[in-house]
Structure formats: C-alpha cells, structure tokens
1. How shielded is A:242-254 by partner chains, expressed as the average number of their Cβ atoms within 10 Å of its Cβ atoms?
2. By the gyration tensor of its Cα atoms, with a ≥ b ≥ c the square roots of the eigenvalues, what is the shape of region B:10-151: rounded for a/c under 1.5, prolate for a/b over b/c, or oblate?
3. Please work out the ratio of the alpha-carbon Rg of region A:319-380 to 2.2 N^0.38 Å and round it to two decimals.
4. Answer with one residue from B:V293, B:I175, B:I278: the one whose Cα lies farthest towards the positive end of the charge dipole of region B:152-295, charges on Cβ with Lys, Arg +1 and Asp, Glu -1.
5. When every alpha-carbon pair in region A:303-414 is counted, what percent end up more than 26 Å apart?
6. Can you give me the distance in nm between label points at B:E11 and A:D317, each placed 7 Å from the Cα along the Cα-to-Cβ direction?
7. Rounded, prolate or oblate: which one fits region A:41-136, using the alpha carbon gyration tensor with axes a ≥ b ≥ c (rounded when a/c is under 1.5, else prolate when a/b beats b/c, else oblate)?
8. Reachable lysines from B:K100, Cα under 28 Å, same-chain residues fewer than 8 places away excluded?
Amino acid sequence: MKRIVLLSVLIASMLLSACASQAKQGPVTISFMAWGDPEELAVWQQIVDDFQAANPNIKVNVEVSDWDSYWTKLKTLLAANTPPDVFAMDAPLYLDYQSRGVLLNIQPYIDKTPGFLDGFYPVTLEAYKLPDGYYGLPRDFQTVVLYYNIDMFNAAGIAYPTVDWTYDDFRTAAKSLTIDKNGDGTIDQWGFTSDLWDMELFWSEAIWSWGGEVINADHTQTLVGEPIAREAWQFMYDLMFTDKSMPDTNTSGQYGGDLFQAGIAAMTTIGHWAVPGYATVEFKWDVAPMPISPSGGRATSVNSAGFVVAKDSKYPDASWEFIKYCLSQTGQARLTELGLAIPVLESVANSPVFLEQTMVNINQQVFLDSLAFARMKPVFKGYDEWASTIGDGMAPIWLGEADLNTTLDTVVPEADAVLAKNK
Amino acid sequence: MEYGLKPLGKERFWLLLLLAPTIIGLILGAFGSILATIVLSFMRWDLLSKPVWAGLENYTALFTNEKFYIALTNTIKFSAMYVPGVVIISMFVAILLNRKIRGITIFRTIYFLPCVTSAVATALIWNMIYGKDTGILNYFIQSLGGKPICWLCTNNAMLSVVIVNIWGAIGEGMIIFLAGLTAIPREYYEAAKVDGANGAHQFFRITIPLVTPSIFFVTLISTINAFQAYDYIYMLTRRSQGDSSVPVVVFSIYRNAWNFFNYGGASAQAIELAIIVIALMAIYFWMEKRYVVYE
C-alpha cells in the first residue's frame, strides 16, 4: 500500500515538473482545430510542417473534425476552459462567439505588423471588423456561382449560360432540361437543384437581385416577407411547383446526396467548396455567374471562413505567428491547393495557383468576378437560431405541404422574436 | 438469504479497488450529469459566458414554447405506437422461434441482427427502401398495381419511423420473451392437454399469464427507449442544417443546447422528459403488483 502511494506521488511530481518546464521555455505547443474532411487534415498538416520548419520554437497540434462535430467539440472545450489556441470560424457565427467573450482581440498584433491587411479582399474583412478591432481574420472565402452540366446542355441543344443570362433565361433552360427519359411519369433529369433551407445557396441571392433585403442593417427586423422579397420567393416556388423543373425536398432527399454531382440535375448554385467533389464526376461541367433578375439586378453571396484565437490561450504570441503564416503568400498558396475555397489575398487569387487548378479545368475567374456584385452573408449575434427559425419554418413549403404566403406571414414574426431575444 | 462468498479482510480492499472504476464512473458520469442537468435547468446559460440564476424561467417558458409542445406531442404519439408494437410483435416472434426446428439459430440471429448494427447505417438503407420514386418498397407496391406512397413525407413520416424503430427493437424484446417462454415448465402444457385444452386455451391460460413478467419488462424498457428515441428518427427525417420533419423531445433538447446556445432551456426539457418517464414507471410498477404473475 505504502509503495503505491509513494509511486503515485513520484509520477505526479514528474508530470507536474514536466508541465512547469514547458511553460517556461520553448518550444511551445499550440493546438489548432478546424472543420473539414479527412483529406483536409493532410493539407493542414503540410502547412503546419512548413510552419514548424520556419519556426522551430512552436509546435502545432492540428485536429480536423466534420462540420457538425466540430461545433459541438469546440463549444465543449470552450465551456471546459480548455479551448484550442487557434480555431476555425464561420463568419456568420463569429458574433455568437465574440459577443460571449471567448475570442481574443488580435488588433494589437495586426498593429505590430504594418500593412498586414493590405493585400486582402476588403469585403472578406468586413465580417470580422468591430469597433474595437479584429477578433478574427478571414482565411478564405466563397462566392456562389451557377454550375451547369455541359453534357446535358449539349444533349438538349441549349446554349450555355452566359454573363447576360437573366432569371427568365435560366427558368426556360431549366424547364427544357427537365426530362422524363423513360416516359413512366416520374422525372429522371431535373433542370435545377438547390437546397432552400440556408440562404447562402440560392434564396438570399434571389432576394437581393430582385432588389429586396434579407434583414435590416442593425439586425432588428427580418425582411424576407416584404413584397419585393415575395416576388423572388414566388419565382423559386414556380420553379418547383409550376414548372416542376426543380425537385422538392422529398424528391431530392431520396437520392441521399448532391443531385448535380449525381448527374441527375443539370444546374445548381453553390460555392467553391463543391469543386473538389464535382471534379471526380464523369460528365463535363463549368461555371457561370448568377443570372440577372427581371428588375435588372444581379447579386450573389460571399461568405468566409476565418481564424480566431481563444481569449484564454496561454500562447497568444505563438498563435498569432501561426495565423500570420497561414495568411502569408506561402500559406495561402498551400490552402488554395485544397481547391475548396478562394484565397483572401488578391495576389494569390489572381495567380495560377488559383486560376489554373489542376483537379478540374473550369472558368475559375467567374468566382473572382462575382465579387463585383457579391453581398456579405449577414453576421450577427443569434444568427444560428434566426437562420434555423426561417429554414425550419419555410421547410414545409419546399416539401409541398404549405402555402408560400401564409407561411411567410408566420415565419417573419417568429424570426423577429429571435432577433429581439438576442439583442 | 445471502449468496456467494463474503469478502474478508484484505480482500475487501481489492474488492473496493476493482469496483472503483465503475463506481467512480457512475458517480461522475451518471449522477454527476443528472445533478448538473437539474442545476442548469434553473440557470440561464449559453455555455460560453457565466451561468446566471433564472429560477423557474426555463420551466415556465416551456408552457408557451410551441416547438417544445410539437416535439412533446410527437414523442407521445411515437411512444403510443412504438411500445405496443414492440411488445406484441416481439412476443409473437419469440413464440414462433420457441420451438425445435432446423436452423432455428439462424432465424434468431436474423431477428437479433438489427440490435447489433449501427443505427445510422441501417437508417440510410431504410431511406433507400422508403424512397418515393426510387425506393424498393414503392417498386413492389407499383408492381402489384398500387400507387406509390411518399413514405417519408411529413404526413406519413411518423408511421414510417415507428416501423423502422420497431424493426430495430424486435431482437431485444424477442430475447427477453424467449427467456420467459423457456422458463415455463413443459408439464403445464402437458397437464392442460390431458385436460383437453386446445392451442388457444393453452396460449391464453398458460403462456400469457406466465410471460407477464417478460411483458412487464419489455414494456418498461421500450417505454424508456421510446422517450429517448433519436437516431433512426433523426436519420430518416432530417432536413438541412440539423432540422427534422418529425422533431421529438430529444431532438429539441439537442437543438436548443448545441445550436441555439440555450443550455438552461435544454436542461429543463430534459428534466421534464425524465419526470414524464418516472411518472410512467410509477404507473407501471403499480400495475405490476396487480397484474404480473410470478410463479
């Protein structure tokens, strides 16, 4: 018995001294967490290896989890006061974390690095800028564009989408691309597919280009029920239920995956993150800018992923060094090779690293040109609950089970109540 | 009466030491989290900032929370179909399999298989079976001249989900019933046969009364499972971004906690769910005293 006690005391003291000595002198170890597929871990590891070679005093432990578990894990670690030093942030959720005081203000570090933000696309910085500085920085961004299946367009003898395409052209094309191949009464090829739960893929773009708004500037009022927005909703409703050129949620759900990637739908609208997946398909495809609305407007959505530092990080200096490296020319070039996103540095985005990606030969320039008419996905506290209220509330419409206008009439006040609660 | 050997002296130390991992795990894992949930249900907490005392706020909010009401109604509807379904079907299967026929173990294995396969994986298969245009089930219905049914549309989803959950639970119920059935002495049936009892008499006068302990136990277990059901339901009815067309209470708890930064509210919902289950258990145990026959 005595021996066990002695032994455990010995082990404990060894562990303690090990920790203590590590805190004093280098190398320090910081942890970095991000969401992503297993393949992304390899790229992050590559970046980390490069970084460690350049900074022998800092070690980085990388952890990559899928989107859903990432947020659960992150919240648990933050609640337990053992957050990762650096972690990935999705811009719309940024304020949900920042306002709760778990992020470090990195403005002092930015100030110490003059000209650091000069090469960034300004619109990507907007989401992270707060009156007292930056609590995070974007690492890459996404613009939503129109993807089309070249083989299906050729088979139907329809001209490819152009920069001049209007939503009417889009609608006509979608109609003629919807085909019941074997004549059994069920449609085998759909003109267009998109998920209407989240605003980013299609509906915010539509509302904006029609001239409407999703939410007011100080995030106190939901505007998706305004008359102009309803015209955009009606367009989507007609695609799905009048033309039947876009599958409803029940129909698309049974394929269990992306209908465009499966070669079942001829067009879709999605961000650059879809490119690596689509690069594996058999058919030929390309991208075009979002169409022009009947009122002559054009819009797309821009959203970014970024880096933040935990407020309780023991090594904020080392954390900043890591972020700085990832946002440097070298780091950005490496990240771009992943093919999932567009680099935030204009110089890297306009270089062959991005424009001539090897995995698939598509018109990458479209993603950059789309910035000219891109709107930022809203960023505010309570975003997740507000977006869910609208997404869940509108879902019955896209299942073909509820009326568009009466549903909007009930969803808007519910969404406003969420905004009021989170003020 | 006491069974087994009593630990003595030094053995007692080793006994405690070897039990310690389980006991500590139970105290920290189960009792700790139950206690934490109770405390949190009286707090306003977003997980990231400091919890603030909220009194009964989280509980009173439940009365006006329409989404919670929908989730609770769904859970109750689900349980009302699921529990009798599991009890009756697994008893029926157990009776069928409680005989000496060739390859009986194969049948038993087949019925038990769903219990040991991943719910998420099987739910994906069921998703393909239930597909409206592409599903196997509708293929059969159509080849028999019927009209295709949209199994997972909101109006049918509850029934479809109950079917999958019952299918997944038959194996466990069957094992319990088989144990109960094999414990019934053969002589009872032989004696009844001598007295001229037919099959129906034997079933209702001997089998049913003597498996009441199993019926009681399966009802109890499946009620608890019904109120905690989540995996199959979510996998079959999920929409984008964590939404579900058949939201149940467990789903509501998860969503409030992890998506809406509302841990206090989620805890209050969990406590309310626990209270309902405890109340049902009290009724069951009261009924056990009246109706269950122990030899």
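Just so it is clear, none of the values below were taken in a lab; they were calculated from the coordinates. Keep in mind that this is a model prediction, so the values were computed, not measured. Cβ atoms come from the backbone with ideal geometry, glycine included; neighbour counts cover every protein chain shown.
1. Per-residue shielding by partner chains comes out at 4.
2. oblate
3. Region A:319-380 yields a ratio of 1.23.
4. Result: B:I278.
5. More than 26 Å apart: 49 percent of the Cα pairs in region A:303-414.
6. 6.2 nm
7. Cα axes put region A:41-136 in the oblate bin.
8. B:K193
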